[in-house]
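What follows is a set of notes on a single structure, which appears directly below.
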Amino acid sequence: MGFLPGKVPAEILEKIVFRYLGANREEVKVGPSIGVDCAVIDVGDFSVIFSADPITGALERVGWLAVNVNANDVATFGVRPQFFASCLLLPKDAEERTIETICKQMDEAARKLGMAIIGGHCEVTPGLTHPLIVGCTIGVTQRGNYVTSKSAEPGNKLIITKTVGIEGTAILANDRESWLRGKLNRRLLETAKDFFSLISVVEEATVAFEAGGVTAMHDPTEGGVAGGIHELADASNVGVQIFEERIPIARETMEICRIFRIDPLQLISSGALLIVAKETHASKVIKKLRDRGIRASLIGEILENPMERILVGKDCSKRELVRPVSDHLWLALEKGEAN
């Protein structure tokens, strides 16, 4: 039996992928591990942060997503992304205008973030039904001046910015627009389509890091906020307790998830940022974010026992925080096609 769509399970990464990592190089300070989305290489007085991510589940705004999703990974280290390279794979029936549209989107996104597009590759690939983009982003900082997802500590507070399921909401509203018409309020559908504008977390990651007291950051992509919290806890070898009533969910996301019968906590959530801060600094981090007009919510705390991943319900009941097997975006896309 094969794998479900989306990320390969963590146990496969540890069993196979992480066994084959080439030569050991002393310059590599942060290498591949569960819940860590970037590598760090020290060069002279500088640390260079690398990320790589594909865009596979979206049809609209793929160029925009490619730049922003990759930039977000670097930003979670508290470092501004500066350079972007892409590998653009096109189906056989792709037209010149498709290439231009995608490149314009990447250009727009990169300019907005102050990033240079430094190269990559573009080809027509047999067997594809729609364009795929694999991106790579680089950020440079003073040596050691960064944070990873591996340093969360018991007693730290867990903060989330904006709302859950942002990217999934945008993808479904755009790629399944015709299917949603008549099922979702027209105004909500139009605002949901614009959720792409919320995808970047570069500003909030930078603001949070500069506020001080941040021990770890992570952006919840595939697997949604539930998956992102597990990845962060895995990386730091800690437990976590979150409170359902504190988790911010936009009405657009709630309604789309209701229609597709999917869980908003398991819907791809680029655009939200998980921030772990020392208890003494959490209020300051939240205030700094809100002063910039960025919604920030304290949703839980870090626990010592890695086996404790607790969701406290609105009725105060406690249950295990679901660990997604596959992002619910894929379930929704299949339902949209079937109908």
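The values are calculated or read from the model by the stated rules, or taken from the named source; none is laboratory data. What you see is a predicted model; the values in this text were computed from it and never measured. Don't worry about glycine lacking a Cβ; one is built from the backbone with ideal geometry, like all the others, and counts go over all protein chains shown.
Points to keep in mind about this one:
- Enumeration of residues in segment 111-149 that are touching a Phe, Trp or Tyr at 6+ places or on another chain (Cβ under 6 Å) and exposed (fewer than 14 other Cβ atoms within 10 Å of the Cβ): 116, 118
- In segment 152-161, the count of residues that are touching a strand residue (DSSP E or B) at 6+ places or on another chain (Cβ under 6 Å) and of a type in the set (Lys, Arg) is one or more.
- Verdict on residue 190 being free of Cβ contacts under 8 Å to residues at least 24 places away in the same chain and over 27 Å from residue 285 (Cα atoms): yes
Residue by residue, here is whether (1) farther than 19 Å from residue 76 by Cα; (2) in contact with a helix residue (DSSP H, G or I) (Cβ under 7 Å, 6 or more places away or on another chain) holds:
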position	(1), (2)
141	no, no
144	no, no
148	no, no
161	no, yes
170	yes, yes
179	yes, yes
190	yes, no
199	no, yes
205	no, yes
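- Selection from segment 148-163 of residues that are of a type in the set (S, T, N, Q) and under 11 Å from residue 274 (Cα atoms): 149, 161, 163
- All positions within segment 296-339 that are of a type in the set (S, T, N, Q) and out of contact with any Gly (no Cβ under 8 Å at 6 or more places or on another chain): 297, 317, 339
- Flag: residue 303 matches the condition of being touching a residue at least 40 places away in the same chain (Cβ under 8 Å), touching a strand residue (DSSP E or B) at 6+ places or on another chain (Cβ under 6 Å) and surrounded by 15 or more Cβ atoms within 10 Å (Cβ to Cβ).
- Looking only at residues in segment 220-238 that are of a type in the set (A, V, I, L, M) and within 11 Å of residue 267 (Cβ to Cβ), the one that is nearest to the chain's Cα centre (by Cα) is 225.
- With respect to the conditions (1) at pLDDT below 95; (2) within 21 Å of the chain's Cα centre (by Cα); (3) over 26 Å from residue 114 (Cα atoms), residue 182 lacks only one, and its number is (2).
- Among all positions in segment 160-167, there is at least one residue which is crowded, with 24+ Cβ neighbours inside 10 Å and at pLDDT below 95.
- Pair list, Cβ < 6 Å and 6+ apart or interchain, from segment 247-262 residues that are touching a residue at least 60 places away in the same chain (Cβ under 8 Å) to residues that are of a type in the set (S, T, N, Q): 248/163; 248/297; 249/163; 250/163; 252/169; 252/191; 253/169; 256/169
- Close pairs (9 angstrom Cβ cut-off, 6 or more residues apart or separate chains): farther than 13 Å from residue 62 by Cβ in segment 96-111, of a type in the set (Val, Ile, Thr) anywhere: 107/67; 107/117; 110/67; 110/117
- Every condition in (1) modelled with pLDDT under 95; (2) closer than 24 Å to residue 273 by Cα; (3) loosely packed, with under 15 Cβ neighbours inside 10 Å is met by residue 108 except one, and the failing one is (1).
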